[in-house]
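Below you'll find the structure, written out as structure tokens, and then a few comments.
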Amino acid sequence: MRLDAGEPGYPWNLGSAMNRLGLNDLALGFLTRAIHLAEQRGESEWSGPDAQLAVAEVAIDAGEYDLALTALAHARADDQQNGREAQIGELLKEVGSEQDDPSPQASLASLLEQLPA
């Protein structure tokens, strides 16, 4: 990673390995780093809706529900063919269930609206 710091595949693979080991908090850092690098390089393979859905899944496993909601929002915004609606809906239900909130996205939006402009 040090020799090619701009390559998104390296942090993505490390994040995937951390996730398989159950180190979800560490996995999130590496996966989001990979997405940021890929966006800078214009590589949608590592930053598109599928990548965002993977981050959402890991975030749910880590108990980072606001991050999961943000990743789901990015996945939905980037999903040009709307082929991922079912998966986004399932993950959204899972977040709601974990938080005991039938509309977790509305709760997050309400919190964000309280920030000063």
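Just so you know, all these numbers are worked out from the coordinates, no wet-lab data involved. Quick caveat, the model's predicted, so the values are computed rather than measured. All Cβ positions, glycine included, derive from the backbone under ideal geometry; neighbour counts span all protein chains shown.
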Can you show me the helix-derived [θ] at 222 nm for the chain, built from DSSP H runs with n ≥ 4 at -39,500 (n - 2.57) apiece and divided by the number of residues, rounded to the nearest 500.
-23500 deg cm²/dmol
Among TYR10, ALA54, ALA71, the residue whose Cα sits farthest towards the positive end of the charge dipole of the chain (+1 at Cβ of Lys and Arg, -1 at Cβ of Asp and Glu, taken about the Cα centre) is TYR10
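Assigning unit charges at the beta carbon (Lys, Arg +1; Asp, Glu -1) and nothing else, what dipole magnitude in debye, to the nearest 20, does region 9-113 show about its Cα centre?
320
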To the nearest 0.05, how large is the calculated FRET efficiency for LEU115 and ASP61 if R₀ is 22 Å and r is the Cβ-Cβ distance?
0.20
The chain - convex hull of alpha carbons, volume per residue in Å³:
123
